[in-house]
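Undergrad: Take this structure first; my questions come after.
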Amino acid sequence: MTAIDELLADARIATGPRDGFDVGAALRRLAADAAAATAKPHPDTVRAAQAGQRLSVVCRWILNRPDAADHVDRLAQEPETLTDDRHLDVDGALVFACLLHLTDHRESAQFWWQLAAGAGHRAAAYCLHLHHLALGETREAQHWLHEVTDDVLDSEAPDSTFLATLEAVATYVRKTGSSRTNAPTGGLEMEVDRLATNKSGSCIIVQRPDRRLADQLHDFTRR
């Protein structure tokens with residue numbers, strides 16, 4: 001045997017079990033660690049997921065209200081100046097934002113919720129709280145929760161029953177997986193997508209609804 005052969009023989013990696021190493025025990029530890037990681041997700045992940053589920057429930061509840069289409073209809077007929085709260089149907093902005101959220105136009109939904117919340121609408125502020133919580137944006141979520149639970153623009157004192165009702169309904173639906181409210185139909189999604197494709201210039205926000213969308217929403221709420 002040459003010197004090179006001797007070196008190669010010494011360098012071979014042993015393929016058999018090492019003394020004192022229990023392969024079965026090691027595999028069991030790996031399996032246990034994997035199961036523990038799966039069974040115990042991070043609390044922030046759980047909180048974000050629950051907030052997202054709760055927001056979807058609240059949005060569907062708002063969208064299915066009998067007067068939802070009337071408010072969107074009024075919003076569609078208002079002047080194009082979005083910054084003037086005196087000419088903004090805040091309930092219509094809330095409903096439109098919820099529809100945008102449910103049809104996966106999340107940035108636009110945030111914009112319209114902010115318009116309504118800026119005009120003192122607590123339900124819109126609550127939706128923003130859940131929206132930011134679902135994104136893991138804790139500071140923003142706390143800000144909007146403060147807007148829900150404290151005085152907004154010198155309006156009436158917070159309605160604790162309103163907030164408790166929303167939380168109770170959302171929790172029930174999350175646990176049972178059921179809901180009496182309907183998700184947006186394909187027709188509504190098509191109308192929202194139509195508005196989304198009509199965005200002007202570099203604007204990424206879906207602009208205010210029009211009469212076609214309002215008519216579709218009227219049909220939806222009559223079902």
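The values are calculated or read from the model by the stated rules, or taken from the named source; none is laboratory data. Given the structure is predicted, the values throughout are model-derived calculations rather than measurements. As a convention, Cβ positions derive from the backbone with ideal geometry for all residues, glycine included, and neighbour counts pool all protein chains shown.
Undergrad: Does region 27-44 contain any residue that is modelled with pLDDT of 90 or more and either within 17 Å of Pro184 (Cα to Cα) or of a type in the set (Gly, Ala, Ser) (or both)?
TA: Among the residues of region 27-44, not one is modelled with pLDDT of 90 or more and either within 17 Å of Pro184 (Cα to Cα) or of a type in the set (Gly, Ala, Ser) (or both), which makes the answer no.
Undergrad: Among the residues of region 81-96, is there at least one that is within 20 Å of the chain's Cα centre (by Cα), in a helix (DSSP H, G or I) and without any contact (Cβ under 8 Å) to a residue 12 or more places away in the chain?
TA: No, region 81-96 has no match at all.
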